[in-house]
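Engineer: Mind having a look at this structure? Questions to follow.
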Amino acid sequence: MSMFGKGKTCNSADRIPAVCNLVLLGAMGSGKSALTVKFLTKRFIGEYDPYLEDIYSSEEIVDQQPVTVRVMDTCDQEGPVNSERYLSWANAFFVVYSIDNMESFKGSHLYLQTLALHNKTFRPQTPIILLGNKLDMDRYRLVSQSDAESLASRFGCLFFEVSACLDFLSVKHVFYEAVRRAREA
Ligand code: GDP
Ligand code: MG
């Protein structure tokens with residue numbers, strides 16, 4: 001039987017509803033809120049309160065199994081501070097940067113280090129997905145795929161590139177992938 005990190009089963013045969021807590025981390029402006037809104041509403045909202053941090057909830061069916069996906073859209077103004085609020089809450093993490101912004105990519109190192117440290121002592125291991133956003137800005141790309149891939153493999157995490165303002169399905173895919181990883185953890 002597969003188990004969720006918070007001790008809730010996610011087997012379809014069980015009556016306990018499964019919950020999966022996802023946390024989006026990363027530099028301001030990388031598109032965490034836009035990705036969250038896209039996943040929840042299928043729409044791209046260009047201007048979103050940059051200082052808003054909140055938790056949203058959505059009923060989903062991932063691989064024929066219902067799951068309540070809770071998404072914490074964080075807002076750190078100076079990198080990973082007060083990380084206790086999400087470290088033990090999360091079933092999976094997204095570390096988001098923007099492919100057209102090198103600072104945001106450098107910022108993702110700090111988050112990965114914080115999470116790696118957490119995963120050293122925390123069981124089960126919380127899966128991490130490195131997420132390059134703003135793929136629609138490919139012509140202004142400053143972060144290569146291979147640099148991101150090697151960073152991801154250094155920290156043992158998955159890596160995807162998406163865009164909050166292109167198709168919904170690829171955004172949905174990465175959120176569902178996070179749920180799958182959390183189920184396996
Ligand atoms: P956050 O600070 O990480 O929550 O970033 P936001 O979601 O507020 O996005 C910051 C800015 O980037 C806003 O102006 C968004 O419209 C823009 N943005 C977010 N995602 C994308 C994307 O995929 N492509 C493009 N071109 N702009 C995006
Ligand atoms: Mg935001």
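Engineer: Here's a check for you: in segment 59-76, which residue that is assigned to a loop (DSSP other than H, G, I, E, B) and within 10 Å of ligand 1 (Cβ to nearest atom) is farthest from LEU115 (Cα to Cα)?
Structural biologist: Only one residue tops the list, namely CYS75.
Engineer: Out of (1) in a helix (DSSP H, G or I); (2) touching a Lys or Arg at 6+ places or on another chain (Cβ under 9 Å), what's the single condition that is false for VAL96?
Structural biologist: (1)
Engineer: Would a scan of segment 77-93 turn up a residue that is within 14 Å of ligand 2 (Cβ to nearest atom) and assigned to a loop (DSSP other than H, G, I, E, B)?
Structural biologist: Yes: segment 77-93 contains one or more residues that are within 14 Å of ligand 2 (Cβ to nearest atom) and assigned to a loop (DSSP other than H, G, I, E, B).
Engineer: Restricting the search to segment 31-50, which residues are assigned to a helix (DSSP H, G or I), hydroxyl-bearing (Ser, Thr, Tyr) and near ligand 1 (Cβ under 8 Å from one of its atoms)?
Structural biologist: Selection gives SER33, THR36.
Conditions tested, residue by residue: (1) acidic (Asp, Glu); (2) more than 22 Å from CYS157 (Cβ to Cβ); (3) in contact with a Gly (Cβ under 6 Å, 6 or more places away or on another chain).
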site	(1), (2), (3)
ALA18	no, yes, no
VAL37	no, yes, no
GLY46	no, yes, no
LEU52	no, yes, no
VAL67	no, no, no
ASP76	yes, no, no
PRO80	no, no, no
ASN91	no, no, yes
MET102	no, no, no
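Engineer: Test each condition in (1) in contact with a strand residue (DSSP E or B) (Cβ under 8 Å, 6 or more places away or on another chain); (2) within 12 Å of ligand 2 (Cβ to nearest atom); (3) of a type outside the set (Phe, Trp, Tyr) for MET28 and report the one that comes out false.
Structural biologist: Looking at each condition in turn, MET28 falls short on (1).
Engineer: Separate question: Quick one: is TYR56 part of a strand (DSSP E or B), within 14 Å of ligand 2 (Cβ to nearest atom) and not hydrophobic (A, V, I, L, M, F, W, C)?
Structural biologist: Criteria met by TYR56.
Engineer: A further question follows. Taking ASP76 as the residue in question, decide whether it is loosely packed, with under 14 Cβ neighbours inside 10 Å and in contact (Cβ under 8 Å) with a residue 24 or more places away in the chain.
Structural biologist: When the stated conditions are applied, ASP76 does not pass them.
Engineer: Also, quick follow-up: For GLU84, indicate whether it is modelled with pLDDT of 95 or more, loosely packed, with under 14 Cβ neighbours inside 10 Å and among the charged types (D, E, K, R).
Structural biologist: Criteria not met by GLU84.
Engineer: Among the residues of segment 127-151, count how many are part of a helix (DSSP H, G or I), under 26 Å from VAL179 (Cβ atoms) and basic (Lys, Arg).
Structural biologist: The total comes to 0.
Engineer: If we keep just the residues of segment 152-185 that are part of a loop (DSSP other than H, G, I, E, B) and surrounded by 14 or more Cβ atoms within 10 Å (Cβ to Cβ), which is modelled with the lowest pLDDT?
Structural biologist: By that ranking, first place goes to ALA185.
Engineer: Filter segment 120-148 for residues that are more than 16 Å from ligand 2 (Cβ to nearest atom), closer than 21 Å to VAL23 by Cβ and not aromatic (Phe, Trp, Tyr) and give the result.
Structural biologist: Once the filter is applied, which keeps residues that are more than 16 Å from ligand 2 (Cβ to nearest atom), closer than 21 Å to VAL23 by Cβ and not aromatic (Phe, Trp, Tyr), segment 120-148 yields LYS120, THR121, ARG123, PRO124, GLN125, THR126, PRO127, ILE128, ILE129, LEU130, GLY132, ALA148.
Engineer: Which residue pairs have Cβ atoms under 7 Å apart, sit 6 or more places apart or on different chains, and have a first residue in segment 108-130 that is closer than 16 Å to ALA148 by Cβ and a second that is part of a loop (DSSP other than H, G, I, E, B)?
Structural biologist: LEU110/GLY79; LEU110/PRO80; TYR111/PRO80; LEU112/PHE155; ILE128/PHE155; ILE128/CYS157; ILE129/CYS157; LEU130/CYS157
The values are calculated or read from the model by the stated rules, or taken from the named source; none is laboratory data. Remember, predicted model here, so these are calculated numbers, not experimental data. In this analysis, Cβ positions are derived from the backbone assuming ideal geometry, glycine residues included, and neighbour counts consider all displayed protein chains.
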